[in-house]
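Worksheet: one structure, shown below.
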Amino acid sequence: MDQYRIATIPGDGIGVDTTNEAVETLHTVAEVHGGLRLHFDRYPWGCAYYLREGRMMPADGLRILGDYDSILFGAVGFPTVPDHISLWGLLLPIRQSFDQYINLRPVKLLPGVPGPLRDKGPAEIDMVCIRENTEGEYSGVGGRAHRGMDDEVVVQTSVFTRSGVTRVLRYAFELAQRRPRRDLVSATKSNALQYSMVFWDEVFAALQKEYPEVACRQYHVDALAARFITAPESLDVVVASNLFGDILTDLGGALQGSLGIPPSGNINPERRYPSLFEPVHGSAPDIAGQGIANPIAAIWAGSMLLDHLGHTDAGALLLRAIEAVTAAGQTLTPDLGGSATTRQVGDAIRAQVRALAG
Ligand code: GGG
């Protein structure tokens with residue numbers, strides 16, 4: 001029996017509802033699998049915690065999380081706390097401290113889900129985006145001086161290191177090499193960002209020599225955003241800096257029919273630290289507490305977690321169960337045009353897990 005300890009941080013808003021469904025569904029997968037035991041500990045950190053304690057997580061929060069095999073995260077952010085306080089108080093310190101430098105985000109239109117693009121179905125929308133996750137525009141370097149004065153000055157610095165850029169691009173080459181199309185696209189903006197993105201492009205070009213079998217292209221990120229819409233079928237693996245990747249993958253979520261669908265893995269490939277799995281979506285305060293949030297992104301994040309733990313059979317089973325529910329089209333939340341609740345979609349996926357395993 002393989003046993004794993006998983007920390008769950010449901011966080012804020014709909015993160016609570018969708019994480020509950022993900023945990024229950026992972027229990028179901030473990031039950032039908034037979035050789036897998038998952039133990040979950042729940043940490044109620046987030047904006048409500050901040051209002052009580054004056055911080056988003058306890059001072060020893062990272063030490064606590066460091067003992068787990070994996071982390072399942074919901075969402076962070078609520079109107080009661082400024083967004084930069086909540087994000088920098090919880091999610092970004094975890095990504096940086098645990099060196100989760102890969103943010104893996106599949107962009108795949110699931111069967112039965114009506115995508116927003118005419119003539120582009122599941123065969124055309126099926127790529128993987130890799131977002132650099134610990135530096136770049138999210139380095140957190142900068143400052144403000146002369147606050148509120150006429151001569152106020154604000155600096156926010158992007159930091160790109162050779163080791164940081166090389167490792168994320170290498171990961172992208174390795175992934176592209178393992179996929180049948182062997183195709184890799186890099187997002188740049190080296191016409192305007194003459195230091196950081198010229199450097200990014202140089203490292204990309206140097207690595208190409210090591211992976212001659214991978215076909216490589218690069219696009220300025222604005223043109224690439226347009227390509228996501230006009231020709232998504234031309235994209236297989238896309239690699240981007242932290243902010244570019246964040247923006248492109250929200251666009252990717254829209255291509256998938258709803259931001260309630262895409263998952264993401266914040267991965268430390270060397271496994272020196274636990275990796276964190278979460279839906280791409282945020283806390284959606286407008287529908288929080290209504291029980292109608294789409295749990296698919298959180299449950300799919302659970303499938304990625306199983307893959308990362310080495311149980312790719314269990315991860316694949318869970319993804320097949322999600323696809324069976326979307327293909328049937330009968331139990332969908334309002335973001336996908338249905339009227340089902342979060343709970344009903346979770347139940348439908350768990351029923352499919354049992355049916356497919358049996
Ligand atoms: N579940 C993801 C989440 O809560 N995201 C909130 C957010 O604003 N994230 C910013 C980012 O990933 O860059």
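The values are calculated or read from the model by the stated rules, or taken from the named source; none is laboratory data. On a predicted model such as this, the values are computed, not experimentally measured, just so you know. Heads up, the Cβs are rebuilt from the backbone with ideal geometry, glycines too, and the neighbour counts pull from every protein chain shown. In case anyone asks, the SASA skips ligands and DNA or RNA and just uses the protein heavy atoms, side chains included. Shrake-Rupley method; radii C 1.70, N 1.55, O 1.52, S 1.80 Å.
Taking the criterion of being of a type in the set (Gly, Ala, Ser), open to solvent by 10 Å² or more (accessible area, probe 1.4 Å) and over 17 Å from ALA187 (Cα atoms), would at least one residue in the range 262-273 satisfy it?
No, the range 262-273 has no match at all.
Mind checking which residues of the range 22-40 are among the small types (Gly, Ala, Ser) and more than 16 Å from the ligand (Cβ to nearest atom)?
Of everything in the range 22-40, those that are among the small types (Gly, Ala, Ser) and more than 16 Å from the ligand (Cβ to nearest atom) turn out to be ALA30, GLY34, GLY35.
Here's the yes/no breakdown for (1) within 12 Å of the ligand (Cβ to nearest atom); (2) assigned by TED's automatic domain parsing to the domain that holds ALA176; (3) at positive phi; (4) part of a helix (DSSP H, G or I):
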site: ILE9; (1), (2), (3), (4): yes, no, no, no
site: ASN20; (1), (2), (3), (4): no, no, no, yes
site: TYR50; (1), (2), (3), (4): no, no, no, yes
site: ARG55; (1), (2), (3), (4): no, no, no, no
site: ARG63; (1), (2), (3), (4): no, no, no, yes
site: GLY74; (1), (2), (3), (4): yes, no, no, no
site: HIS84; (1), (2), (3), (4): yes, no, no, yes
site: LEU87; (1), (2), (3), (4): yes, no, no, yes
site: ARG95; (1), (2), (3), (4): yes, no, no, yes
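If you go through the range 167-198, how many residues are open to solvent by less than 10 Å² (accessible area, probe 1.4 Å) and within 22 Å of the chain's Cα centre (by Cα)?
Total meeting the criteria: 10.
Taking GLN330 as the residue in question, decide whether it is outside any loop (DSSP other than H, G, I, E, B), more than 22 Å from ILE229 (Cβ to Cβ) and either within 14 Å of the ligand (Cβ to nearest atom) or not hydroxyl-bearing (Ser, Thr, Tyr) (or both).
Answer is no for this residue.
Are any residues in the range 97-133 among the aliphatic types (A, V, I, L, M) and not in a loop (DSSP other than H, G, I, E, B), and if so, which ones?
Scanning the range 97-133 gives ILE102, LEU104, VAL107, MET127, VAL128, ILE130.
Mind checking which helices (runs of 4 or more DSSP H) fall wholly inside the range 135-238 and carry at least 3 residues that are closer than 23 Å to LEU255 by Cβ?
Hits in the range 135-238: 162-178, 221-230.
Kindly establish whether GLY164 is within 25 Å of HIS84 (Cβ to Cβ) and open to solvent by less than 40 Å² (accessible area, probe 1.4 Å).
Judged against the criteria, GLY164 is a match.
For the range 199-250, enumerate the residues that are within 16 Å of the ligand (Cβ to nearest atom) and either surrounded by fewer than 17 Cβ atoms within 10 Å (Cβ to Cβ) or of a type in the set (Phe, Trp, Tyr) (or both).
Once the filter is applied, which keeps residues that are within 16 Å of the ligand (Cβ to nearest atom) and either surrounded by fewer than 17 Cβ atoms within 10 Å (Cβ to Cβ) or of a type in the set (Phe, Trp, Tyr) (or both), the range 199-250 yields LEU243, PHE244, ILE247, ASP250.
Starting from the range 138-158, take each residue that is farther than 23 Å from ILE102 by Cβ and list its partners that are open to solvent by 90 Å² or more (accessible area, probe 1.4 Å) and among the basic types (Lys, Arg), counting only C-beta distances under 6 angstrom and pairs at least six apart or across chains.
Sorted first by the residue in the range 138-158, then by its partner, the pairs are VAL154/ARG144.
Anything in the range 43-72 that is surrounded by 15 or more Cβ atoms within 10 Å (Cβ to Cβ) and closer than 30 Å to ASP347 by Cα? List them, or say none.
TYR43, TRP45, GLY46, CYS47, ALA48, TYR49, LEU65, TYR68, ASP69, SER70, ILE71, LEU72
Six or more apart or on different chains, Cβ atoms under 6 Å: show the pairs whose first residue is in the range 337-349 and in the same structural domain as GLY15 (by TED's automatic domain parsing) and whose second is of a type in the set (Gly, Ala, Ser).
Here the result reads THR341/GLY291; THR342/GLY291; THR342/ALA293; ILE349/ALA321, each pair linking the range 337-349 to a residue that is of a type in the set (Gly, Ala, Ser).
Determine which single condition LEU109 fails, assuming it passes every other condition in (1) surrounded by 15 or more Cβ atoms within 10 Å (Cβ to Cβ); (2) within 16 Å of the ligand (Cβ to nearest atom).
(2)
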